[in-house]
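Beneath this line is the structure, given in structure tokens, with notes to follow.
The values are calculated or read from the model by the stated rules, or taken from the named source; none is laboratory data. Remember, predicted model here, so these are calculated numbers, not experimental data. Cβ sites come from the backbone with ideal geometry, for glycine too, and all protein chains shown count toward neighbours.
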């Protein structure tokens, strides 16, 4: 199958993420489980639908493309990382926390803190500690806290947030510094992802408010998937039809479905992509996707360029996915 038939004709805005948020809005707001079931019964969370499937930027064009995305993002107050920064991210309760480190002398440091509503959080007491030096951060925008480190690259940078929910996050910087650019690698890995015929995905998704969904997906090109949420809803989608059940043991209910495009990755584009580590068989890459918007951490197989694992940190959505059974035979049929 050609790449164009897999990727579809995407919209240039943030509707990919907005539709996911709509599909599991009850989870993000910490509502009762029954509301989560009701939301999932009528919408498909996770992989991108046909109407908003992204088109990957061509190799070599990432810088121009993603820079435009960042400046035209509907979340103009979002604390995106600075240009050239090596990015790291994690969940901190119900907040997404990221660190951007711009190589140079001095090093430029930026902490980004995003709340459940998708906007940067102001008024926090943020500092950076390298073991030999402690620096108080100054506000550089909504949810943005920056400082400069007039010294050689430290091995570890501790990001500290004070207040009622204090956080200390120790970030180990890559041995190779500055780490090499991974824009071309991400372009090739994304094309490989879209070229898959079948894929199985196991993921966990949390809002940071205590509720975690564990879901098993089976995806097949060009327009089929199944998912099963542990102890919860399930669905089968084939072309323009879908079947849902709201709970284990419930009856399957058939309905119409806008045809989807599969197999596609969760991210739309990439910025600040760097190889922050590797093993003999895989690359460890971090990047920022301004269209999510959010931070990603992926493991890519060197030989096949298949993505093996992904972590994503975004507003009220903290996801971990593991991928397997690449191009293996699958059977997706109406229940």
remark   = (1) in contact with a strand residue (DSSP E or B) (Cβ under 8 Å, 6 or more places away or on another chain); (2) modelled with pLDDT under 95 all hold for residue 152 apart from (1)
query = In region 258-281, what residues are surrounded by fewer than 19 Cβ atoms within 10 Å (Cβ to Cβ) and over 19 Å from the mean Cα position of the chain (by Cα)?
reply = 258, 259, 278, 279, 280, 281
task = Go through region 189-208 and count every residue that is outside any strand (DSSP E or B) and either out of contact with any helix residue (DSSP H, G or I) (no Cβ under 8 Å at 6 or more places or on another chain) or at positive phi (or both).
result = 7
ask   = Which of the residues that make up region 92-106 are farther than 22 Å from residue 165 by Cα and surrounded by fewer than 24 Cβ atoms within 10 Å (Cβ to Cβ)?
value = 102, 103, 104, 105, 106
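Can you name the residue in region 224-244 that is surrounded by 16 or more Cβ atoms within 10 Å (Cβ to Cβ) and without any contact (Cβ under 8 Å) to a residue 24 or more places away in the chain and is also farthest from residue 204 (Cα to Cα) among such residues? I'd like the intermediate steps shown before the answer.
Of the residues in region 224-244, the ones surrounded by 16 or more Cβ atoms within 10 Å (Cβ to Cβ) are 224-229, 232-238, 242-244.
With without any contact (Cβ under 8 Å) to a residue 24 or more places away in the chain added as a condition, the list becomes 228, 234.
On the way: 228: 12, 234: 15 Å.
Looking at residues that are surrounded by 16 or more Cβ atoms within 10 Å (Cβ to Cβ) and without any contact (Cβ under 8 Å) to a residue 24 or more places away in the chain, I get 234.
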